[in-house]
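To start, the structure itself, in structure tokens.
The values are calculated or read from the model by the stated rules, or taken from the named source; none is laboratory data. Since the structure is predicted, the reported quantities are computational estimates derived from the model, not experimental observations. Backbone-built Cβ (ideal geometry, glycine too); neighbour counts: all protein chains shown. These area figures cover heavy atoms from the full protein model, side chains too; ligands, DNA and RNA do not enter into them. Shrake-Rupley method; radii C 1.70, N 1.55, O 1.52, S 1.80 Å.
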Amino acid sequence: MVEQSGTALLLEQICNHHEDKIMPLGAFKAALMGTAGVSAAGADVVLLSTTTVSDDATVDITSGIDSTYGEYIFRFYNIHPATDSTEFLFQVNGAGESGFNETITSTQFRTYHPESGGTGGSIGISYDASRDQAEGTAYQELSAEVGSGNDESLAGILHLFNPASTTYVKHFIWRGTAYYSEDANYANWTAGYINTTTAIDEISFMFASGNVESGTIKMWGVK
Amino acid sequence: MAMTLITTNTSSDAASSDFTSSIDNTYKLYIFKFYDVEPETESVYFSFQGSTDGGSNYDTTMTTTNFIASHREDDGGTTQLIYRTGNDQAEGSAFQLLCQSMGVGGADESAVGELHLFNPSNTTYVKHFYCTAQHYQDTPGSQNSFTAGYFNTTSAIDAVSFKMSSDNMDGTIKMYGVG
């Protein structure tokens, strides 16, 4: 947990106490105190960083992932692709290594429902074998075929468990929901493990094609 | 949503991981997070039960559902999304399966996840729960498990126990209260 000065702590306490009355969660608190450690003092889920995306090829979080917490939670708000119908992906890097290319075995299933209502096979739940990996080193798909219309985006949550362990593989669980490029809701459940006993200390997010045009990613540590 | 860490149980070669205090009306939701839980024996399952008498007996009646997604490292076998009728209970009082066919062949194999238990001290309604887990299965691969159900009792649930279906376990389980 990032240590805070007395002034920052006081500001935080004021912000939290009066959050609903005078200060919306987020921008002002981050502006006053920086993005690290802005959760309530003594809280057991701590906001570690906020990344605001601006037409970036990748969104890499390269600090703050260590042995401090047993679980890291990444929340995704209105992640918007520059290119239509593209997949949202993630990979990680082992401590002391280079490149986002760790070995992953994963599962993925989805639910799908078009705005038109649809019939038969166009609605339902299914395993998606084209989006899992068996000891692969590619970026792992999280959400598929996200639309790039002005009001289209994805949201989700990724849990990364015990990334600093040098004993166990590193498990992850994703749940996301997206505006599919063909005007539908496309929800994905992805889970798996990074098959390494090397600690993981960096994580990267990107779209399969084109930039991440906008969105916010917040990283939390769980005590 | 404020989440408060209440108890941390670290198990090493233990028969079970029991939470026998602090489950009361302080919080409406209790979340149990388990990190790198590992069995001593291959192919067992990780499970839990609730108690209405402070942990003297873990045999509360429950009705549950369970489904999984699984995928092997060699891309072989059956890659599947399937409801597991063998993993659910219909007014049963056994420990409820959360992770099946756990691996222990390698020292790096484990399970993680979280169990949400809603309003356990309520004496009007049944007590609902759901669990999402991810583990390294015995045929090397990834298994993502979804379990939900309810304790069919209007008595308060005041203790929870986790254990393997056979032999002992290692790992850390943390209990949080959500206000």
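Which of A:His113, B:Asn144, A:Gln91 sits closest to the plus end of the dipole of the protein assembly as shown, meaning its Cα is farthest towards the positive end, when Lys and Arg get +1 and Asp and Glu get -1 on the C-beta?
Of the candidates, A:His113 comes out farthest on the positive side.
Using modelled backbone amide H atoms (1.01 Å from N, in-plane), which distant-in-sequence or interchain residues come within less than 5 Å of B:Gly55's amide H?
none
Express the accessible area of the range A:55-135 per residue in Å², computed with a 1.4 Å probe while the remaining protein chains stay in the model. Could the numbers behind the result be given before it?
Working: 3430 Å² over 81 residues.
Using a 1.4 Å probe on heavy atoms only, each residue of the range A:55-135 averages 42 Å².
Enumerate the amide H contacts of A:Gly70 below 5 Å, restricted to partners 5 or more residues apart or on another chain; note that Pro and chain-start residues carry no placed amide H.
Hits under the 5 Å cutoff: A:Val222.
With each pseudo-label sitting 7 Å past Cα toward Cβ, what's the A:Thr197-A:Asp60 distance in nm, one decimal?
If labels sit at A:Thr197 and A:Asp60, their model points lie 2.8 nm apart.
For the range B:128-169, what does the convex hull of the Cα positions come to per residue, in cubic angstrom? Spell out each step's value before the answer.
Details: hull volume 4.5 nm³, N = 42.
It comes to 107 Å³ per residue, whole-number rounded.
What Kirkwood hydrodynamic radius, in Å, does the range A:137-202 give when the mean of 1/r is taken over all pairs of distinct Cα atoms and then inverted?
Taking every pair of different Cα atoms in the range A:137-202, averaging 1/r and inverting gives 13.3 Å.
Report the gain in length on full extension from A:Arg75 to A:Ala129: 0.36 nm times residue separation, minus Cα-Cα distance, nm rounded to one decimal.
16.9 nm
Pick out, from B:Ser22, B:Thr123, A:Gln140, the residue whose Cα sits farthest towards the positive end of the charge dipole of the protein assembly as shown, with +1 on the Cβ of Lys and Arg and -1 on the Cβ of Asp and Glu.
Projecting each Cα onto the dipole axis, the largest value belongs to B:Thr123.
Could you compute the net charge surrounding A:Ile61? Neighbours are other residues with a C-beta less than 14 Å from the C-beta of A:Ile61; K and R count +1, D and E count -1. Write down the numbers at each step before the final one.
Working: positive: A:Arg75, A:Lys218; negative: A:Asp56, A:Asp60, A:Asp66, A:Asp201, A:Glu202.
After counting each charged neighbour, the total is -3.
Once phi is turned into θ = phi - 60°, what whole-Hz ³J(HN,Hα) does the Karplus curve with 6.51, -1.76 and 1.60 give for every residue of the range B:103-113, x standing for Gly and Pro?
Coupling constants for the range B:103-113: x, 8, x, x, 6, 9, 9, 6, 10, 9, x Hz.
Per q in 0.12 1/Å, what log10 I(q)/I(0) does a Debye calculation on the alpha-carbon atoms of chain B return?
Those come out to -0.52, one per q.
Could you work out what % of the accessible surface of the range B:1-103 is carbon and sulfur, using a 1.4 angstrom probe and leaving DNA, RNA and ligands out of the count? Could you put the intermediate results ahead of the total?
Values: 1910 of 4440 Å².
Carbon and sulfur atoms account for 43 percent of the accessible area of the range B:1-103.
Could you pull out the GluC sites (Glu not before Pro) across the range A:119-214 that fall in loop regions by DSSP (anything but H, G, I, E, B) with no more than 15 other Cβ atoms inside 10 Å? Show your work: numbers first, answer last.
Working: sites: A:Glu135, A:Glu141, A:Glu145, A:Glu152, A:Glu182, A:Glu202, A:Glu213; in loops: A:Glu135, A:Glu152, A:Glu182.
Answer by residue number: A:Glu135, A:Glu182.
Rounded to whole Hz and in sequence order, give me ³J(HN,Hα) for the range A:89-98 from the Karplus expression 6.51 cos²θ - 1.76 cosθ + 1.60, θ = phi - 60°, writing x for Gly and Pro.
10, 9, 8, 9, 10, x, 4, x, 9, 10
Counting pairs of alpha carbon atoms under 8 Å apart in space and at least six apart in sequence, what relative contact order in percent does chain B give?
Details: 536 pairs, mean separation 75.5, N = 179.
This gives 42 percent for chain B.
Buried accessible area between B and A (1.4 Å probe, both chains summed, ligands and nucleic acids excluded), in Å² to the nearest 100?
Working: alone 8030 and 10480 Å², together 15910 Å².
Roughly 2600 Å².
Taking only the alpha-carbon atoms of the protein assembly as shown, what semi-axes of the equivalent ellipsoid follow from 5 times the gyration tensor eigenvalues under a square root, in whole Å, largest first?
32, 27, 22
Which entries in A:Lys218/B:Lys28; B:Lys127/B:Lys163; A:Lys218/B:Lys163; B:Lys28/B:Lys174 show an alpha-carbon gap greater than 28 Å? Spell out each step's value before the answer.
Values: A:Lys218/B:Lys28 26 Å; B:Lys127/B:Lys163 20 Å; A:Lys218/B:Lys163 34 Å; B:Lys28/B:Lys174 17 Å.
Exceeds cut-off: A:Lys218/B:Lys163.
Round to the nearest 0.05 the FRET efficiency obtained for B:Ser12 and B:Asn57 when R0 = 30 Å and r is the Cβ-Cβ distance.
Details: r = 25 Å, r/R0 = 0.85.
Efficiency at R0 = 30 Å is approximately 0.75.
Please give, to one decimal in nm, the separation of the simple spin-label points placed at A:Ser67 and A:Ser98, each 7 Å out from Cα toward the Cβ.
My value for the distance between the label points is 2.7 nm.
Below 12 angstrom from the Cβ of A:Arg75, what's the summed charge of the other residues (Lys, Arg +1; Asp, Glu -1)?
Working: positive: A:Arg175, A:Lys218; negative: none.
Value of the local net charge: +2.
Accessible area of the range A:181-223 with a 1.4 Å probe: how many percent of it is carbon plus sulfur? Mind showing how you got there, number by number?
Working: 470 of 1200 Å².
Carbon-and-sulfur percentage of accessible area, whole number: 39.
What FRET efficiency comes out for the pair A:Thr83/B:Ala148, r = Cβ-Cβ distance, R0 = 41 Å, nearest 0.05? Could the numbers behind the result be given before it?
Details: r = 37 Å, r/R0 = 0.91.
My answer for the efficiency is 0.65.
Could you sort the residues of the range B:6-37 by number and keep only those whose accessible area is reduced by 30 Å² or more in the all-protein-chain setting relative to the chain alone, 1.4 Å probe?
B:Lys33, B:Tyr35, B:Asp36
To the nearest 20 Debye, how big is the dipole of the protein assembly as shown about its Cα centre, given +1 on the beta carbon of each Lys and Arg and -1 on that of each Asp and Glu? Show your work: numbers first, answer last.
Values: 16 positive and 48 negative charges, 226 e Å.
Charge dipole of the protein assembly as shown: 1080 debye, to the nearest 20.
So, R0 is 45 Å and r is the distance between the beta-carbons of A:Ser122 and B:Asp167; what FRET efficiency does that work out to, to 0.05? Don't jump to the answer; show the numbers that get you there.
Working: r = 47 Å, r/R0 = 1.04.
Efficiency, from the Cβ-Cβ distance: 0.45.
Modelled label-to-label distance, B:Tyr83 and B:Glu40, 7 Å Cα→beta-carbon offset: nm?
3.7
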